[in-house]
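K.L.:
Here it is, the structure, as structure tokens.
The values are calculated or read from the model by the stated rules, or taken from the named source; none is laboratory data. Since this is a predicted model, take the numbers as computed values, not measurements. A quick note on method: Cβ atoms are made from the backbone with ideal geometry, for glycine too, and the neighbour counts reach across all protein chains shown.
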Amino acid sequence: MKKELGIKPFLFPMPVLMIATYNEDGTVDVMNMAWGGICDHDKVALNLEASHKTVANIKARKAFTISVADIAHLEVADYFGIVSGNNVKDKFANSGLHAVKSTRVDAPIVEEFPLTLECEVEEIQPEGFRVVGRIVNVLADETVLTEKGTVDPTKLNAFVFDQFQGGYYKIGEKVGQAWNSGKNLIKE
Ligand SMILES: Cc1cc2nc3c(=O)[nH]c(=O)nc-3n(C[C@H](O)[C@H](O)[C@H](O)COP(=O)(O)O)c2cc1C
């Protein structure tokens, strides 16, 4: 028997993504974002509260990076979701992380995060809530790559967000292969 839970944003898993931008004075801001992800082969969509410092920065610089946080940096990833650059001038400096400027877009790359997409803004909805970015490059730490040079998800040590109770969860073991695990059910 199923119980009705009403109108809730209840999907699982949700990602833990770090959006990094430059403030007007050239310092770095990073925010934690669960409501976003890939929306085309070379595009990401961000769903952001218009009041965030990140939104002002994206409007001004037309660029951002989006990184996958790993468990080693869970504490600081959560901090980026609690504190706003609108209220705390040294938000990023207080995190103890390091950033370098992207050579492709006007946005910072956080050195400690293992996987980063460098993005140019393609579209900002007038009310500032939804931003579409074009991926111009992907950077991955060598430590998370397979011998063939693709990203090994088990080496990323990423974690996911639980929209039901606000928990962070470790990603488990591989249990199948997409476009293959269901093949036996295909009737010719
Ligand atoms: C787990 C988690 C997920 C979040 N997801 C989003 C999100 O998808 N969109 C959003 O606008 N804010 C989200 N937030 C809130 C922002 O990260 C937070 O308000 C942050 O302080 C904004 O920083 P800024 O003002 O420096 O840009 C999330 C926070 C947490 C902890």
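K.L.:
Criterion first (in contact with a strand residue (DSSP E or B) (Cβ under 7 Å, 6 or more places away or on another chain), in contact (Cβ under 8 Å) with a residue 40 or more places away in the chain, of a type in the set (A, V, I, L, M) and within 23 Å of Thr21 (Cβ to Cβ)) does Val105 satisfy it? If you could, list the steps in order and put the result at the bottom.
P.N.:
Numbers: in contact with a strand residue (DSSP E or B) (Cβ under 7 Å, 6 or more places away or on another chain): yes; in contact (Cβ under 8 Å) with a residue 40 or more places away in the chain: yes; of a type in the set (A, V, I, L, M): yes; within 23 Å of Thr21 (Cβ to Cβ): yes.
So Val105 fits the description; yes.
K.L.:
Which condition number does Val105 fail, the rest of (1) closer than 15 Å to Thr65 by Cβ; (2) touching a helix residue (DSSP H, G or I) at 6+ places or on another chain (Cβ under 7 Å) being met?
P.N.:
(2)
K.L.:
Can you name every residue in region 1-10 that is of a type in the set (A, V, I, L, M, F, W, C) and either loosely packed, with under 10 Cβ neighbours inside 10 Å or over 25 Å from Gly172 (Cα atoms) (or both)?
P.N.:
Answer for region 1-10, where residues must be of a type in the set (A, V, I, L, M, F, W, C) and either loosely packed, with under 10 Cβ neighbours inside 10 Å or over 25 Å from Gly172 (Cα atoms) (or both): Met1, Leu5, Ile7.
K.L.:
Next up: Which of (1) closer than 29 Å to Lys155 by Cβ; (2) part of a loop (DSSP other than H, G, I, E, B) is the odd one out, the single condition Lys3 does not satisfy?
P.N.:
(1)
K.L.:
Let me ask you something else. Can you spot a residue in region 147-163 that is among the aliphatic types (A, V, I, L, M), within 17 Å of the chain's Cα centre (by Cα) and within 12 Å of Met14 (Cα to Cα)?
P.N.:
yes
K.L.:
A follow-up question, please. Search region 142-166 for residues that are of a type in the set (Phe, Trp, Tyr) and pair each with any residue that is assigned to a helix (DSSP H, G or I) when their beta-carbon atoms are under 6 Å apart and the residues are at least 6 apart or on different chains.
P.N.:
Phe159/Ile71
K.L.:
Now a separate question. Restricting region 24-73 to residues that are in a helix (DSSP H, G or I), within 18 Å of Glu120 (Cβ to Cβ) and free of Cβ contacts under 8 Å to residues at least 40 places away in the same chain, which is nearest to the ligand (Cβ to nearest atom)? Write out each step before concluding.
P.N.:
Restricting attention to region 24-73, the residues satisfying the condition of being in a helix (DSSP H, G or I) are 53-61, 71-73.
This time we only want the ones that are within 18 Å of Glu120 (Cβ to Cβ), so: 54-61.
Subset that is free of Cβ contacts under 8 Å to residues at least 40 places away in the same chain: 54, 56-57, 60.
Details: Thr54: 3, Ala56: 8, Asn57: 7, Ala60: 13 Å.
The selected residue is Thr54.
K.L.:
Oh, and also: Considering only region 128-145, I want to know if a residue exists there that is exposed (fewer than 13 other Cβ atoms within 10 Å of the Cβ) and part of a loop (DSSP other than H, G, I, E, B).
P.N.:
To start, the set of residues in region 128-145 that are exposed (fewer than 13 other Cβ atoms within 10 Å of the Cβ) comprises 138, 142-143.
With the extra rule that they be part of a loop (DSSP other than H, G, I, E, B), the set shrinks to none.
No: region 128-145 contains no residue that is exposed (fewer than 13 other Cβ atoms within 10 Å of the Cβ) and part of a loop (DSSP other than H, G, I, E, B).
K.L.:
Limited to region 118-169, what total is found for residues that are of a type in the set (S, T, N, Q), at pLDDT 95 or above, within 16 Å of the ligand (Cβ to nearest atom) and touching a strand residue (DSSP E or B) at 6+ places or on another chain (Cβ under 9 Å)?
P.N.:
Final tally of qualifying residues: 1.
K.L.:
From Gly182, Gly96, grab the single residue that is surrounded by 10 or more Cβ atoms within 10 Å (Cβ to Cβ) and in contact with a helix residue (DSSP H, G or I) (Cβ under 8 Å, 6 or more places away or on another chain).
P.N.:
Gly96
K.L.:
Examine region 84-99 for a residue that is within 13 Å of the ligand (Cβ to nearest atom), of a type in the set (Lys, Arg) and either modelled with pLDDT under 95 or not in a strand (DSSP E or B) (or both), and state whether such a residue exists.
P.N.:
The answer is yes, given that some residue of region 84-99 is within 13 Å of the ligand (Cβ to nearest atom), of a type in the set (Lys, Arg) and either modelled with pLDDT under 95 or not in a strand (DSSP E or B) (or both).
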